[in-house]
Structure formats: structure tokens, C-alpha cells
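Step one of this worksheet: look at the structure below.
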Amino acid sequence: MKTIVINCCLCFLFFIQMGHAQESTNTLKNSKPNIIFVMTDDQGMGDLSCMGNEVVKTPNIDAFYEKSTRFTEYHVSPTCAPSRAALMSGQHEFRVGVTHTILERERMALDVYTLPQALQSAGYQTGLFGKWHLGDAEDYLPQNRGFNEVLMHGAGGIGQVSLGDFLPNKENVYFDNVLLHNKTIVKTKGFCTDVFFDAAMAWTKEQIITETPFFTYLSLNAPHAPLVAPENYKKRFLELGYDEGTASRYGMIENIDDNFGRLMSKLDEWNALENTLVIFTTDNGATHLRGTLNGEKVKHFNANLKGGKNSPNEGGDHVPLFLYWKGVLTEGKDINQLTAHIDLYPTFSELAGVKLPENIQPLEGLSLIPLLENTATNWEDRLLFVHCGRWKTGMVNEAKYTKMAVRSQQWRFVNNTELYDIINDPGERYNVAAEHPDVIAKFQEPYNQWWSASIPLMINENKKRTKEQPLHIKYYKQLEAEGIPYWNPNDMITEKN
């Protein structure tokens, strides 16, 4: 096999040429579907009953899974802001300055031409509902990065007041939250996941009525900690004997499932499924992998993967990706080729008929359209570079081989010492590095090149942090000038940007 290095200084992927795609007369390119992208937070591969979890019940997502095209080898970043940066930019998160989830190292570089900006250029309306986590300062806000409609919390989670979320959310975490709606800070009523779904559905219905193509980005904060759920969703798990944290987390997941079922039912009622691509996925691996059951310590189901969030192993970045487009995509189909979050930018752009500017950042992913059309005779093997980041400020050089991995279709190379045959050992139980020095050699040099090329692009590493949180300043200014109004998403009172 011949190894081809594409744009070595700026490329996230190295391809091993194995085949070509054939021509298709019924291409999905420029088909301009509406796109609804639902992404949950800290929900792993094992947190769905369709993935084998026998405790939590997710009948609506299970039904969606049954009729979806499923990418069984889809990978993201090991933590939340990095995954969002890769999705929004089409590049590995380090290439756009995101190397952490805090310390302002979560701020996505301002020269990025974002995915919603690209879709806007093709006539799409774009809406974000939930978690942004790519910078709370004015220039970084999603309202200024390509989203027409925004309802968001601050920082990386509701209630993370010390990291920048709105101050009142510390007292009533996940219920009746203060959020930013476009340019106005508002009070809401109800459980946060319900509110985000309500807002997304109301805005989406408005686009359907006006026959406007749209991108709905439903980026949930659940089931991210703190683990808080409505009492009626916790009840069953507490009665089974689970600890409070487990009961709350699984309750949050079942609440997501109910809301996802509401969304699909409404799309059917609005006759929108024939021209809408609906996607369900998660941003990284699971958290809270241990708990207690009737006082005894237990491990929670993790789809037999090693590690969870913030891990360089499979459990850190291998997540579900289910796609459904009624009458267009094949139902109940598994696609087993290695894919990643950076592939979604070029995929959505081609679907929407986007003409990308010449000076755009180099997109590092591959369009998934050949796989969706079944026109890829062979999918090129590739190397995906994974790093958990989060090193101490100023310690980037020391972090090179700490919590890192390189992934190909068959292998996972971890921390520069461990090698796992994922095809035959998906749980990474057997380190076979000693038996395959040739494989390791093929991974090390590309990784070294990628790391060296990434360091100059980590633009947030040594910046002086601001003393005051931007959303705190915005909150107090509005509170003094006009107060904080209540807002009902079902009314769809849209402020002008």
C-alpha cells in the first residue's frame, strides 16, 4: 500500500490509498435537505438500550436506530469543547486553538469560517439550542459565528458560574434557568432539556411553515454533570436501588429520549421527514461509569469499551451516529468504515450545495456522501489523531505522548506504548505492541508531524486570562438597565439581532 500525505503541514488525516468512488447518477450533492442535528453531552456508546444497556430505557431513540443509517466506527474528541470545535470548523480542535474546556483555551479561533456560516451562504437559517462552549466573549458567541437563532447557557454547563455561566443558575441548576436568547438574557421555566427541545421545535416549525431551509443544532447539556433530573424520571432507578447520581443520570437520558420522541412525532405531523435529515449523536464518551446498586459497588454498562470521557481509549471518543432521511437513506443499514466528526462539515456543505470560499481553513475531513450513496467501492483507510488536551498551562511540549492515540480502521495506538487490534479486540484488553513494531512505526512519524504542525495553531495557550466573565458583565448590565424578562419558547418571540 502506498501512503499519501496530503498537505502535511495542515492536515489532520493521512490517507492510505485503497480504492476509488464510482460515479452516481442519483447524487445527494446539492439536494438541500433541512438538517436537524441532535447531540447529547457526556453520553457514551453504552447509554442507550439499542446499544445493549439493560437498565436505561430509550424506546424512541431505539426506534430511530432501527430505521437509521448507522455509522458504527464514528469518532469524536474525548471531551466536549474540542468535539464542538471540530464540528464547527471541520478541523482537529488543536488547529483552531481549542486544547481545553476551560481557561479560555475553549475559545475557537476567530478566523474560522464556521459550518453555520457555510450553510447560511447556501440560504439556510441556522439555530443553536443548548450548549455552545466555544467562547462566551462577544466576538466568540454563536450569534456572531453564523447562527441566526440562539438559546444558550454559558461556559461548559448550566451552573458553572465560576467558569462563566449566568449567576442565578447556581441556585436552581437545570430548572428555571437564565439563558441567552439571541442578544437578550431571559428567564425560562421548566427542566433545561425540555426547554431546549421546546425552543428548537418552535423555531424549526417556523422554518417549515415559511419553507425556509434550516439547520437546527440541538446541542444538549444533558446528561453532563451535575447529575440532576426531574423526580419522575429518577423514581424508577431509585426504586431499583441505584444511587442518586446514577438515578439522576439515567433519568436525564430517559428524559432526552422522551423529548427526541416528541421531536420525531412533530416532524411527522408537519410532513417534514421527506426533506429533513435527522441525526442523533453524542459529543464524547460516558461519565459516571461506576455507582452503587442496593449499597453494592457496580460498573455501569459501557458497550464493553475501555475508558470514558477524557480517555485516549475507545470509550473516550467512539460514539453513536444515527442518520435518518425518510425515503432517501437506507433504513437499518450499518456503515463500518472509520469516520469522524470532522467529516460532517464537508458532508453538510455538499448536501446543501455550499460554495466554500477559497481562503477557508483547510477542511480535514471526508464527505460521507459516497458512503451514504453506497458509491464508495473502497473507503480509504486513514489515521485519526486523538489527544485529550487539558495539560497544565505552559506544558504543551511535555504533553505530546500523554493521553494520546492514533486510530486506523484496525488499530489503536495509545500513549506511544500500547497497540490494540480493534477489529479483534474492541475492548482493548490485549496490548500487542511487541508483536507489531511495523504498525507502530507507521503511526509514529505521521503523529510526530501532526503534533509539530499543530503547536503553532494552539493560539490560546499563553494568553492572559480576563478577570471578569463576559456573560456576568452582560447579565449585570441588562439587570440594571431593563431587568431579566421571562421567555416562553413556544411563543417564539424572536429578538432582532
Using +1 at the Cβ of each Lys and Arg and -1 at the Cβ of each Asp and Glu in the range 375-422, identify which of 383, 405, 422 lies farthest towards the dipole's positive end.
405
Where both residues lie in the range 62-219, what percent of DSSP beta bridges are antiparallel, nearest 5?
40 percent
In what sequence, largest accessible area first, do 50, 192 appear using a 1.4 Å probe?
50, 192
Taking placed amide H atoms and a strict 5 Å upper bound, the residues 5 or more places from residue 286 or on another chain that come that close are 44, 45, 309
When the charge dipole of the chain is computed with +1 at the Cβ of Lys and Arg and -1 at the Cβ of Asp and Glu, the Cα pointing farthest to the positive end, of 472, 87, 278, is that of 472
Per residue, what volume in Å³ does the Cα convex hull of the range 37-124 take up?
127 Å³
Please compute the Cα-Cα pair-distance distribution of the range 353-415 with 10 Å bins starting at 0, giving whole percents from short to long.
16, 29, 32, 20, 3
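Just to make sure I understand: if all protein chains stay in place, what is the order of 265, 89 by accessible area at 1.4 Å, largest first? Before the final figure, lay out each step's value.
On the way: 265 70, 89 0 Å².
So, going from the largest accessible area down, we get 265, 89.
Arrange the residues 55, 150 by how much accessible surface each exposes, largest first, with a 1.4 angstrom probe.
Greatest to least solvent exposure: 55, 150.
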Output the Kirkwood hydrodynamic radius of the range 393-436, Cα pairs only, in Å rounded to one decimal.
11.2 Å
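Just need the relative contact order of the chain here, percent rounded to a whole number, with Cα pairs under 8 Å and 6+ apart. Could you put the intermediate results ahead of the total?
On the way: 1122 pairs, mean separation 132.4, N = 497.
After rounding, I find 27 percent.
Counting Lys and Arg as +1 and Asp and Glu as -1, each charge on the Cβ, what is the dipole of the range 141-202 about the Cα centre in debye, to the nearest 20? Don't jump to the answer; show the numbers that get you there.
Numbers: 5 positive and 6 negative charges, 39 e Å.
Roughly 180 debye, rounded to the nearest 20.
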Using protein chains only and a probe of 1.4 angstrom, how many square angstrom of residue 413 are accessible, to the nearest 10?
0 Å²
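If I compute solvent accessible area with a 1.4 Å probe over the protein chains, what percent of it on the chain is carbon and sulfur?
So the carbon and sulfur contribution to the accessible surface is 50 percent.
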Dipole in debye (nearest 20) - the chain, about Cα centre, beta carbon charges: Lys, Arg +1; Asp, Glu -1:
880 debye
Per principal axis, descending, Cα span of the chain in whole Å:
65, 58, 48
Rounded to the nearest 5, what % of the DSSP beta bridges within the chain are antiparallel ones?
55 percent
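Report the extension gain between residue 462 and residue 488 in nm, rounded to one decimal, defined as 0.36 nm multiplied by the number of residues separating them, less their alpha carbon distance. Please list the in-between numbers first.
Numbers: separation 26, 0.36 × 26 = 9.36 nm, distance 4.12 nm.
Contour length minus the Cα-Cα distance gives 5.2 nm.
Can you tell me the dipole magnitude for the range 173-229 around its Cα centre, using point charges on the Cβ only (Lys, Arg +1; Asp, Glu -1), in Debye to the nearest 20? List each step's numbers first, then the result.
Numbers: 4 positive and 5 negative charges, 36 e Å.
Result for the range 173-229 is approximately 180 debye, rounded to the nearest 20.
The values are calculated or read from the model by the stated rules, or taken from the named source; none is laboratory data. Quick caveat: nothing in here was measured; it's all calculated off a predicted structure. Virtual Cβ from ideal backbone geometry, glycine too; neighbours counted across all protein chains shown. Each accessible area value is taken on the protein alone, full model and side chains, heavy atoms only, with ligands, DNA and RNA left out. Shrake-Rupley method; radii C 1.70, N 1.55, O 1.52, S 1.80 Å.
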